Amino acid sequence: MEKDFSLRELNTFGFNVKAKYFQRLETTDDVNLLLDNKIFRQCFEKDQVLILSGGSNILFCNDFYDGFVVYPDFKGIKIIEDTENQKVIRCFSGEVWKDFVDFTVAENLHGLENLSDIPGKVGAAPVQNIGAYGAEVKDAIYQVHTIDLASGEIRVFTNEECKFSYRNSVFKELKVKRGELRERGFYPLIFAVDFVLKKKGELKLDYGNIRNNLISKNITNPTIQDVADSVKEIRKEKLPEVGVVGSAGSFFQNAIVSIDKYLKLKALYPEIPSYPEKDNMVKVPTGWLIDKAGWKGYREKHVGVWDKQALVLVHYGSGKPLEIIELMKKIQHSVKEKFGIEISPEVNII
Ligand code: EPU
């Protein structure tokens, strides 16, 4: 266990936040030691424990986290089932997500290619049901292996038990409020995820610029690798490079509004992009709202709004987490004033 441990390298915003206690977990023995650790137990009782994965979807509000940060770093990838049509692959939670996707693409397996180059680690993918370019990880997850930090018991969640929805799952609820598992005294640490990936399948080319990107390269009959390459190129054009500019990807969630609200907006802004949702609701891209409200490329001291994708807030270095919070509030206020829509952060604010 480390004390006053700097998390600067472990959050992609790049803020120099310190954790009072920090423990990296590489083996099940490490987990058992952690569960016997008195300081950990005290923090756990006080609800001052944070499971930190790749740190690419998190913003610490303060320079000091007054609690216990647990950092799962379990490594390994193994094929546990290989049948005519599919493979089931177990990937341990400390593996880097984009390396794992590259591995599945090299194996010529369908399912994760549209999720190429998303920052973060494998263990976090189910937590917020990561999604991009028309795909969501829930469609490739078979089951999630967890260990309960309260009792040390192992529990496997089937896909259905994970309760996936847009950028959400039963695991995410644990972090932001006392979700249903916490109320039952269960605090799962994800140590491995089983993915089911198809040997044959349809490629998803209809989202955004994928098809145009392929056409521009004269690719008419794309492979899985071609799609992964296109997604990587499109991401590079739109999103700040991890490790170069501090950010946590999309800072806000897309807005989901009623059809009435949408039609009112559409009358005022005929060009507004939208995607149908269930129950007569409509998804409106928050990036468009923020852009239209004039924030794209805005900069204030050390922080700003990315000039190629307004959904992304960036930290240019030497700033404080509170500067991002201030900017978030200003943008929320401005979008509310202009469009009457309340936008919520997608990033976990701790
Ligand atoms: N748009 C603008 N201006 C902007 C940004 C977007 O007009 O500054 C418009 C675009 O032209 C497009 C629409 O808004 O018509 C949607 O934009 P985009 O395709 O870039 O996707 P998004 O909805 O803004 C989501 C995910 C991203 C993911 C992309 C691509 C969320 C919160 N974000 O963004 O995920 O990469 O789709 O699939 O759902 C992340 O979660 O960190 C992330 C980057």
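The values are calculated or read from the model by the stated rules, or taken from the named source; none is laboratory data. Please read these numbers as outputs of a predicted model, since none were measured by experiment. Cβ coordinates were reconstructed from backbone atoms using ideal geometry, including for glycine residues, and neighbour counts include every protein chain displayed. We work out accessible area using only protein heavy atoms, side chains counted, and drop any ligands, DNA or RNA first. Shrake-Rupley method; radii C 1.70, N 1.55, O 1.52, S 1.80 Å.
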Can you tell me which of Leu268, Leu311 is within 19 Å of Leu239 (Cα to Cα) and either out of contact with any Lys or Arg (no Cβ under 6 Å at 6 or more places or on another chain) or near the ligand (Cβ under 9 Å from one of its atoms) (or both)? Leu311
Among (1) of a type outside the set (Val, Ile, Thr); (2) part of a helix (DSSP H, G or I); (3) open to solvent by 30 Å² or more (accessible area, probe 1.4 Å); (4) within 20 Å of Thr286 (Cα to Cα) - the single one Leu265 does not satisfy: (3)
Number of the exception - Ile79 against (1) within 21 Å of Asn129 (Cα to Cα); (2) part of a strand (DSSP E or B); (3) free of Cβ contacts under 8 Å to residues at least 12 places away in the same chain: (1)
Odd one out for Val127, checked against (1) in contact (Cβ under 8 Å) with a residue 12 or more places away in the chain; (2) not in a loop (DSSP other than H, G, I, E, B): (2)
Would you please name the residue that is nearest to the ligand (Cβ to nearest atom), looking only at residues in the stretch 130-163 that are open to solvent by less than 20 Å² (accessible area, probe 1.4 Å) and in a loop (DSSP other than H, G, I, E, B)? Ile130
Quick check: is even one residue across the stretch 338-347 open to solvent by 40 Å² or more (accessible area, probe 1.4 Å), closer than 24 Å to Ser165 by Cβ, small (Gly, Ala, Ser) and within 14 Å of the ligand (Cβ to nearest atom)? yes
Given the options Cys43, Cys61, name the one that is in a loop (DSSP other than H, G, I, E, B) and either touching a residue at least 24 places away in the same chain (Cβ under 8 Å) or away from the ligand (no atom under 16 Å from the Cβ) (or both). Cys61
When you check Ile341 against the structure, is it touching a Leu at 6+ places or on another chain (Cβ under 6 Å) and either touching a residue at least 12 places away in the same chain (Cβ under 8 Å) or of a type in the set (Phe, Trp, Tyr) (or both), yes or no? no
Leu327 - would you say it is in a helix (DSSP H, G or I), among the aliphatic types (A, V, I, L, M) and crowded, with 20+ Cβ neighbours inside 10 Å? yes
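Would you point out which residue out of Lys301, Lys261, Lys330 is more than 11 Å from the ligand (Cβ to nearest atom) and within 17 Å of Cys61 (Cβ to Cβ)?
After ruling out the rest, the residue left standing is Lys330.
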For the stretch 82-110, what are the residues that are open to solvent by 80 Å² or more (accessible area, probe 1.4 Å) and in contact with a strand residue (DSSP E or B) (Cβ under 7 Å, 6 or more places away or on another chain)? Asn85
